[in-house]
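Shown next, in structure tokens, is the structure this report addresses.
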Amino acid sequence: MAEAAQIEKFPPSELASLRGKLMKLRTDSWQAAELVSDFLAGRGYGVNAGAMRTAVPELIVLRGSHEKMQSMLETVAYVM
């Protein structure tokens, strides 16, 4: 699992952009999981697939809270 101290704090603008893309895919959890995986992989992180399946629905419904999104990403990401 991820260790919070090792995961960078993502800029609010990047989290807002990710959230916007997730909202467009809200009915397709597979695509949403792939989008989050790509977001993290593009920043040098791996993804815990099991945790991702649980996290994606929660990421989609988070409203405007970058701190909650950051925390959720920390639970699925790991440093490669």
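The values are calculated or read from the model by the stated rules, or taken from the named source; none is laboratory data. Note that the structure is a prediction, hence the values are computed from the model and not measured. Quick reminder, even Gly has a Cβ in these numbers, built from the backbone with ideal geometry, and neighbours come from all protein chains shown.
Summary of computed values
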{"item": "Filter result (out of contact with any Leu (no Cβ under 7 Å at 6 or more places or on another chain), basic (Lys, Arg) and within 17 Å of Lys9 (Cβ to Cβ)) within region 23-80", "result": "Arg43"}
{"item": "Contacts under 6 angstrom Cβ, first residue in region 12-36 being of a type in the set (S, T, N, Q), partner part of a helix (DSSP H, G or I), 6 or more apart", "result": "Ser29/Val56"}
{"item": "Residue match in region 40-53 (condition: of a type in the set (D, E, K, R), modelled with pLDDT under 90 and within 15 Å of Val76 (Cβ to Cβ))", "result": "yes"}
